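Below is one structure, written out as structure tokens; the observations come after it.
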């Protein structure tokens with residue numbers, strides 16, 4: 001389906017055409033009509049499916065077509081779990097806002113609080129924020145949500161996993177009125193806490209599920225290689241980089257120390273690489289991600305910090321130097337490639353310390369059968385055999401539960417009314433003994 005066929009405002013169609021988007025993705029084709037109709041929406045789709053535009057376009061359409069409920073309050077609030085994802089959403093929002101007179105504002109943790117308060121005082125129409133920092137501004141009364149028309153939650157499941165439940169409740173209560181529309185996007189609709197929040201946040205929502213969060217894009221070719229140890233992993237990485245045409249690549253590691261070490265090693269080899277980890281302040285992280293997006297570096301070595309929210313079509317390869325601790329992060333990691341319909345390749349190096357993580361990922365998604373071997377670099381490690389479960393000998397009960405329940409109660413044996421000398425007793429009533437006559441013990445006078 002063409003985006004122009006979804007009934008959006010002509011100004012939005014023009015902005016989308018300028019960006020080169022013509023064909024609607026599956027999530028866009030199903031979610032946009034529901035959102036335009038004014039109904040609440042609960043949607044799930046796999047990463048890289050175009051869900052950001054699936055809520056941005058109908059939100060902009062509503063604000064262009066209807067009158068604001070309040071002159072000062074934001075008309076739409078978009079919440080994202082991480083600063084990186086919020087920045088990515090805001091970047092797409094600015095492109096959509098270009099042909100309109102609407103204003104947007106980005107509110108993130110780790111940045112100057114007073115500057116954000118000044119930005120909110122300018123009455124932006126759309127606020128993109130992380131839940132914790134927006135809740136802080138609500139407490140300080142830097143903004144009010146009484147006139148909020150749209151509350152959009154991107155990756156709601158991850159916000160709950162990250163402990164933002166209380167902040168989400170505060171934001172919901174600040175804008176809890178019948179004219180508010182809520183759009184909730186989640187990687188899965190089966191999240192343990194999602195059911196509770198959908199009942200309180202959404203009113204009779206329409207459900208849209210595209211594919212599965214456990215599915216990997218068909219445009220991504222996956223490869224698995226076994227490694228003996230750290231030096232073997234580095235040799236495999238060098239071989240892969242030497243023998244593949246990599247436009248831009250992202251290398252994921254388990255620790256901050258490894259990001260810096262690998263980035264320095266790649267630079268020594270003449271490859272332009274930069275490290276990104278959580279210990280950097282927000283401005284440094286923003287600068288690194290912006291420089292990588294602009295093509296200043298060929299490789300970004302990072303932890304799971306950049307596994308979500310980074311949408312760069314030029315990333316052709318993703319390498320898991322270490323397997324992720326959480327299985328769902330594997331899907332998000334390799335989802336950084338194969339974007340916007342382009343082909344991508346993902347390589348995972350699996351050593352003895354990665355084996356349990358590999359098994360968890362294998363149970364979560366469909367992985368290629370077998371392992372790839374690089375010529376001259378075949379290792380000794382072939383994985384671990386599953387431990388045999390200890391046999392427990394259960395005592396067999398003579399009766400089944402049904403037989404126990406339906407069995408007739410046993411008759412009690414008659415009491416033995418005899419003494420040891422076999423003298424019958426108890427057949428005759430016991431008679432009270434006659435009182436003996438009083439015996440006069442006084443001596444005669």
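Computed from the coordinates by the stated procedures, all read-outs in this text should not be read as laboratory data. Not measured: the values here are computed from a predicted model. Here the Cβ is made from the backbone with ideal geometry for all residues, glycine too, and neighbour counts use every protein chain on show.
A Förster distance of 35 Å, applied to the separation of the beta-carbon atoms of residue 313 and residue 39, puts the FRET efficiency at 0.60.
Taking neighbour Cβ counts within 10 Å as the exposure measure, how do 134, 241 sort from fewest upward?
Details: 134 27, 241 19.
Fewest-to-most ranking of 134, 241: 241, 134.
The mean sequence separation of alpha-carbon pairs under 8 Å and at least six residues apart, normalised by the residue count of region 3-210, gives a relative contact order of 29 percent. Volume of the convex hull of region 3-210 (Cα atoms only), normalised per residue: 110 Å³. A prolate overall shape is assigned to region 100-204, the ratio a/c of its alpha-carbon gyration tensor axes (a ≥ b ≥ c) being 1.5 or greater and a/b exceeding b/c. Taking each residue as 0.36 nm, the span from residue 14 to residue 326 lengthens on full extension beyond its C-alpha to C-alpha distance by 108.2 nm. Protection proxy ranking of 105-116, 141-152, by the mean of other Cβ atoms within 10 Å over each peptide's residues and highest first, is 141-152, 105-116.
Once you sort the root eigenvalues of the Cα gyration tensor of region 220-364 as a ≥ b ≥ c, which label holds: rounded (a/c under 1.5), prolate (a/b larger than b/c) or oblate (the other case)?
Details: a/c = 1.31, a/b = 1.23, b/c = 1.06.
It comes out rounded by the Cα gyration axes.
By the count of other C-beta atoms within 10 Å, a proxy for reagent exposure, 384, 371, 21 are ordered fewest to most as 384, 371, 21. Taking the fewest neighbouring Cβ atoms within 10 Å as the starting point, the ordered list for 1, 184 is 1, 184. A rounded overall shape is assigned to region 259-330, the ratio a/c of its alpha-carbon gyration tensor axes (a ≥ b ≥ c) being less than 1.5.
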